[in-house]
Amino acid sequence: MSSSSQEVADSWISAFCNILGHEYFAEVSEDFIEDDFNLTGLQSQVPMYKEALEMILDVEPEEDDDYEEDEEDEDEDENEPFGAESALGYRRAGERRHMGLGKLNVIEASAELLYGLIHQRYITSRPGIQQMAEKYDLQHFGTCPRVFCNGCKVLPVGCSDTPGQETVKLFCPSCLDIYTPPNSRFQTVDGAFFGTTFGCLFFMSFPELDIGNRNSEAVAALAQQQGLQIPNIGMNESRNAQSGQNGQSRSTPMPAVVNGVSTTSLAPGLGRGKIYEPRIYGFRVSERAKSGPRMKWLRSRPADVHELDEARRFFEENGAEDQTADQIMPDQEQSQTLPVERRKKAPMRRRREPYAVNGTGANGSPMDTNGTGNGG
Amino acid sequence: MDDFNSDTDSDYTSYWRDWFISSKGNEYFCEIDEDYLTDRFNLTGLNQEVEHYNHALDLVTDVFDVECDDDMRAQIEKSARHLYGLVHARYIVTTRGLAKMMEKYKKYDFGRCPRVLCNQQPLLPMGQHDVPGYSTVKLYCAKCEDLYNPKSSRHASIDGAYFGTSFHNIMFQVYPAMLPPKSSRRYEPRVFGFKVHAHAALGRWQEEERVRMCKRLRDAGVDTGFEEEEEEEEEMEEDDAAPGEEEGIDDMFEGRLVQV
């Protein structure tokens, strides 16, 4: 993102992001940090908040008594109590000049914590997520270690939004699982600095991202090679594929969108052909063996994604009574405003046109109420 | 090659196999017994697979004493590695080989599963093909039963056929006690604390699959091998008291199960 590049090259923020192990961080723009709204509530979480904030913004504490007074006024307006630690070293220009090295270290640690927490918020904002998208494109976060994900690019996420609980993990959109970063230097990075929301929000913000088919040609070639030349492979393609295909040919084509997510980008690394099938000398290990496969479900995905449309399934099983209730033809505008009628119309449409599916998504499912499903 | 030459020049007592398994990048290999290597029956068919087969075999068994130029030497060296790898795939499914690999497995010589919910489960090397030249070595996690790429590029260039498709499965058939309990916990993506519908729906579908499988196994009288099972039954007996609020990482995972 160019917004940060206008800053001085060796600002605290860029220095922080250049530290070994901090490669996952985006450079939060100063505009974002200077907007107090974005910092709501952080004061109570970070010791020596004021000093830490000054450090992040490269404000020299000695030189700006005016700035401090302004801050003071704001603080009084906010009427927010300070943590015990921050009260200690709280602003006395003279005092700060005598600051020991130990105190500086404390402030440095606070600044890192504060930056991390701001970062967590920043990367869910529009400019922040854009910046992360650029980093994602450049594969700054690495790729999924899982073989069947074919090197799908991953995103840093946290498992907790509270700092100090978990280190950063990598979320793979292809298998919807999280992994430990390969390099141990990332094991000092707090997961809360990325947050629990970012991973999914990112892929919801960029639904057009091609997550699974990065090496589609290579994958196709590989599949062909494995299917044709070598019968002795660890994938359940051969026979299961046959039965799956037959089952599928009876049913309808795949909808473009299911549950608000494009079918092609819903866990492309899972499902038939992407599940490891244990074999001994070419023979599959039985499920009933003590050492047999028990975890295939984790990497499964229905061959017919209609199975995932729970609302449709529900109406297929229970929806008969509503059929005479309304005569209103499915009309998109109307259905947006009249949720009750929209709900009723689902079985009607299905009766005329089983599995009526079209690319617009809005007609695909009675649950498709959110904008993400419309694919733009 | 240079390493090898200098090693042998300086120290004649070090055997080729010692050098090979201790050199960087070959940490996944175990040492093949001399007896196994010298039994020609164990090498059946490999003379067609490996160039300079006899020289390579001599080199591996430390009886190589032919004078030759560097190019030839390098080729023989390469063949020797290939031969060692192919014999290795056969050796590690023998009783002694399995025991040696088990020792390495216990020492985490092959690394740990990168999947967060596998809790650092040790991995085993495996190949997706038994024919050399098709795929590189992968790592198998017995907890999530999936394959992962080795972290290091040094390992990523090893041929998968040097370990084979069967070894890791045989390992757990021979040492069933080493099978880790399976976990039904899964990562659950959330946005601002809310589950994401598409992913949650897939998760529910997968959970149904799992429950069906568990039922199949139980009907067949087979132990399902899931760690939560006992707790689950206890809970069922006791009461329906809600499981305590879990903190931190647990918030992000679906751990509690549908009763089967």
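The values are calculated or read from the model by the stated rules, or taken from the named source; none is laboratory data. Because the structure is predicted, anything quoted here is derived from the model rather than measured. With ideal geometry, Cβ positions are generated from the backbone for all residues, glycine too; neighbour counts draw on all protein chains shown. The protein model used for the area step is the full one, side chains on, heavy atoms only, and it has no ligands, DNA or RNA in it. Shrake-Rupley method; radii C 1.70, N 1.55, O 1.52, S 1.80 Å.
Of all residues in region B:118-140, those satisfying the criterion of being facing chain A (nearest Cβ under 9 Å) and either buried (at least 21 other Cβ atoms within 10 Å of the Cβ) or farther than 20 Å from A:Phe186 by Cα (or both) are B:Met126, B:Gly127, B:Gln128, B:His129, B:Asp130, B:Val131, B:Tyr134, B:Ser135, B:Lys138, B:Leu139, B:Tyr140. Without any contact (Cβ under 8 Å) to a residue 24 or more places away in the chain and either in contact with a Ser or Thr (Cβ under 9 Å, 6 or more places away or on another chain) or not in a loop (DSSP other than H, G, I, E, B) (or both), is that true of A:Gln120? No. For region A:120-135, residues that are under 29 Å from B:Ser152 (Cα atoms) and open to solvent by 10 Å² or more (accessible area, probe 1.4 Å) total 4.
Considering B:Asp33, B:Asp62, B:Asp58, the condition of being on the phi > 0 side of the Ramachandran plot, surrounded by 14 or more Cβ atoms within 10 Å (Cβ to Cβ) and at pLDDT below 95 is satisfied by B:Asp62 alone.
Scan region B:162-173 for residues that are more than 9 Å from chain A (Cβ to nearest Cβ) and open to solvent by 10 Å² or more (accessible area, probe 1.4 Å) and jot them down. Residue satisfying the conditions is B:Tyr162 alone.
Being free of Cβ contacts under 8 Å to residues at least 40 places away in the same chain and open to solvent by 20 Å² or more (accessible area, probe 1.4 Å) holds for only one residue in A:Ser286, A:Ser262, and it is A:Ser286.
Residues that are among the polar types (S, T, N, Q) and more than 8 Å from chain B (Cβ to nearest Cβ) within region A:121-175 comprise A:Thr124, A:Ser125, A:Gln130, A:Gln131, A:Gln139, A:Thr143, A:Asn150, A:Thr167, A:Ser174, listed in sequence order. Residues that are away from every other protein chain (no Cβ under 14 Å) and open to solvent by 10 Å² or more (accessible area, probe 1.4 Å) were ranked within region B:81-93; the one that is farthest from B:Leu59 (Cα to Cα) is B:Leu86. Scanning region A:265-283 for residues that are under 30 Å from B:Thr94 (Cβ atoms) and more than 7 Å from chain B (Cβ to nearest Cβ), we see that the one that is surrounded by the fewest Cβ atoms within 10 Å (Cβ to Cβ) is A:Phe283.
Determine which single condition B:Cys214 fails, assuming it passes every other condition in (1) assigned by TED's automatic domain parsing to the domain that holds B:Thr95; (2) out of contact with any His (no Cβ under 9 Å at 6 or more places or on another chain); (3) buried (at least 18 other Cβ atoms within 10 Å of the Cβ); (4) not β-branched (Val, Ile, Thr). Checking B:Cys214 against (1) assigned by TED's automatic domain parsing to the domain that holds B:Thr95; (2) out of contact with any His (no Cβ under 9 Å at 6 or more places or on another chain); (3) buried (at least 18 other Cβ atoms within 10 Å of the Cβ); (4) not β-branched (Val, Ile, Thr), the one that fails is (1).
For region B:141-159, state whether one or more residues are in the same structural domain as B:Leu83 (by TED's automatic domain parsing), within 14 Å of A:Val147 (Cβ to Cβ), within 10 Å of the chain's Cα centre (by Cα) and hydrophobic (A, V, I, L, M, F, W, C). The answer is yes; a qualifying residue exists. Inclusion of B:Asn47 among residues that are closer than 19 Å to B:Tyr15 by Cβ and out of contact with any strand residue (DSSP E or B) (no Cβ under 8 Å at 6 or more places or on another chain) is not warranted. Applying the condition of being part of a loop (DSSP other than H, G, I, E, B) and closer than 20 Å to A:Asp210 by Cβ to region A:146-180 and asking which residue is most open to solvent (accessible area, probe 1.4 Å) yields A:Asn150.
Among the numbered conditions (1) farther than 26 Å from A:Ile178 by Cβ; (2) open to solvent by less than 10 Å² (accessible area, probe 1.4 Å), the only one that B:Ser184 does not meet is (1).
The lone criterion from (1) more than 9 Å from chain B (Cβ to nearest Cβ); (2) within 14 Å of the chain's Cα centre (by Cα); (3) open to solvent by 10 Å² or more (accessible area, probe 1.4 Å); (4) among the hydrophobic types (A, V, I, L, M, F, W, C) left unmet by A:Phe186 is number (2).
Screening the candidates A:Asp31, A:Asp10 for the property of being part of a loop (DSSP other than H, G, I, E, B) and at pLDDT 50 or above yields one hit, A:Asp10.
Looking only at region B:146-161, residues that are of a type in the set (Asp, Glu) and open to solvent by 20 Å² or more (accessible area, probe 1.4 Å) come to 1 in all. Looking across region A:20-40, the residues that are more than 21 Å from the chain's Cα centre (by Cα), open to solvent by 30 Å² or more (accessible area, probe 1.4 Å) and not aromatic (Phe, Trp, Tyr) come down to A:Leu20, A:Glu30, A:Asp31, A:Glu34, A:Asp35, A:Asp36, A:Thr40. In region B:65-80, which residues are in contact with a helix residue (DSSP H, G or I) (Cβ under 7 Å, 6 or more places away or on another chain) and open to solvent by 40 Å² or more (accessible area, probe 1.4 Å)? Passing the criteria: only B:Val66. Of the residues making up region A:103-119, just one is polar (S, T, N, Q) and surrounded by fewer than 22 Cβ atoms within 10 Å (Cβ to Cβ), namely A:Asn105.
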